[in-house]
Amino acid sequence: MTQATLQPKLITPVLLAGSAVLLVSFAIRATFGLFQIPVADEFGWPRAEFSMAIAIQNLAWGFGQPIFAAIAEKYGDRFAIVMGAFLYAVGLAVSSLAVTPESHFLLQVFVGFGIAGTGFGVILAVVGRASSDENRSMALGITTSAGSAGQVVGPPIAATLLQVMPWQSVFLVFSVVILAILVVLPVLRPSTAAAEAVRASREKGVDESLGVVLNRAMRDPSYILIFFGFFSCGYQLGFITAHFPAFIEEVCAAIPPDSLIRQLGADSTKDLGGYAIAVIGATNIAGTLLAGWLGKSYSKKYLLAAIYVARTIIAAWFILTPMTLFSVLVFSTVMGSLWLATVPLTSGLVAQIFGLKYMGTLYGIVFLSHQLGAFLGVWLGGALYDVYGSYDVVWWVGVGVGALSAIVHLPVNETARGLKPVAV
């Protein structure tokens, strides 16, 4: 089996269908920060309570990612996606009935597992296996950017719905929407080329089990570095997604609306948070596509290090600069261009080093580090806000871990390890 037998086209039905699933899944996932104030106000909860619910969601997403990737590799991609969409819908629907923090904590586990089943670990593996070596980095970038597109449309839609219906009804609407995406499943059929590659590897006596590959990866220093390096990405994204809208609304509340806000279509600074998240998503599309394109020709580890350095600089600038509408938009634009640019490079680096067969599971484990960071970023955001009445400490922690991730990626060995012959 040679690479020539793989689908030579960049844009394939599998890529389009996978992108559609990610778009809808991430459109819903990107809206949870907008529910922070409505839910807290209705029940009189401290900010930390709903923050913990979102943090638990991120943690469940992280633990669920390698599980769903393994399910997809054993029972089929479509089976894993159906399970994920069902859990996502159930979590959203039942959350609309929850009235205590503890019930939200429990139900966000379902939502987190749902995101895992309809998220990167499963979808990127499907697209990666269906792409040629030449097109894989760009294909992963396009698919990842679909998640960014979801972030563009999700928050404004949620903000609009919250103006005309209670937050419980919005959750119910979203539960129906995530199930509707299952109409694309017939297109996400198993890649014939990938199946032929597996059969050929068996014929050559190089078909390793998942346990063997996992054991080798866990002993590989580069895999460990990639795992820890992805932590700061999750920390920064989790904190910003969950707390940035509320942060902007509170700090900018004293600033009167001006022509800039009206140009954005917002009536007041209260709406600016949702639009800032949308700006992050919009610029992220370009940033992710650029990262995927650059990953074809340049070292992925150095590109990742550069992204984390840039994030560190813009985050430090933002917290040191007086809050204005201009600074919010500059930060959202720059951070957005770096937002998910790490995903095609990190997933591509895992595939480059360890191969495609178990890419979903190996990337899913790395993604767990991302979600551990997201859990900490979301939870600390709420907990430290309640203690200090400010997000400053959480921002500075994000600056520090971003700089650390830039350093961690430098020693990574990008050489493909390959499969070792085994007895047949």
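Figures for the structure shown
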| quantity | calculated |
| --- | --- |
| Structure-derived Cα extents along the principal axes in Å - corresponding label in [x] 56, 45, 44; [y] 131, 52, 51; [z] 69, 41, 36 | [z] |
| Charged-residue dipole, Cβ positions (Lys, Arg, Asp, Glu), the chain about Cα centre, Debye nearest 20 | 1440 |
| Selected from Gln371, Gln352, Gln151 as most flexible by GNM, with the chain as the system and alpha-carbon contacts under 10 Å | Gln352 |
| Spatially close lysines, pair count over the chain: Cα under 16 Å, gap of eight or more or interchain | 5 |
| Residue among Gly121, Gly44, Gly18 with the largest mean-square fluctuation in a Gaussian network model of the chain, springs linking Cα atoms under 10 Å | Gly44 |
| Highest-first arrangement of 9-15, 130-136, where packing means the average Cβ count within 10 Å | 130-136, 9-15 |
| Value of Rg/Rh across segment 1-105 [Cα atoms, Kirkwood radius] | 1.11 |
| Surface share of carbon and sulfur [accessible, 1.4 angstrom probe, percent] for segment 100-164 | 69 |
| Per-residue [θ]222 nm for the chain (sum of -39500 (n - 2.57) over DSSP H runs n ≥ 4, rounded to 500) | -25500 deg cm²/dmol |
| Ser297-Ala180 pseudo-label distance in nm [points 7 Å out on the Cα-to-Cβ vector] | 4.1 |
| Cα-based Rg of segment 55-118 normalised by 2.2 N^0.38 Å, two decimals | 1.10 |
| P(r) tail fraction, segment 302-371 - alpha-carbon pairs more than 13 Å apart, % | 69 |
| Accessible surface, the chain, averaged per residue in Å² (probe 1.4 Å) | 38 |
| Equivalent ellipsoid semi-axes - Cα gyration tensor, segment 279-403, angstrom | 28, 19, 11 |
| Accessible carbon and sulfur surface of segment 318-424 relative to its total accessible area, %, 1.4 Å | 73 |
| Rounded tilt (10° steps) of 392-408 against the dominant C-alpha axis of the chain | 20 |
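The values are calculated or read from the model by the stated rules, or taken from the named source; none is laboratory data. Predicted model, so just to flag it, every value in this text is computed and none were measured. So basically every Cβ, Gly included, is an ideal-geometry build from the backbone, and we count neighbours across all protein chains shown. Remember, those area values only see protein heavy atoms, side chains included, never the ligands or the DNA or RNA. Shrake-Rupley method; radii C 1.70, N 1.55, O 1.52, S 1.80 Å.
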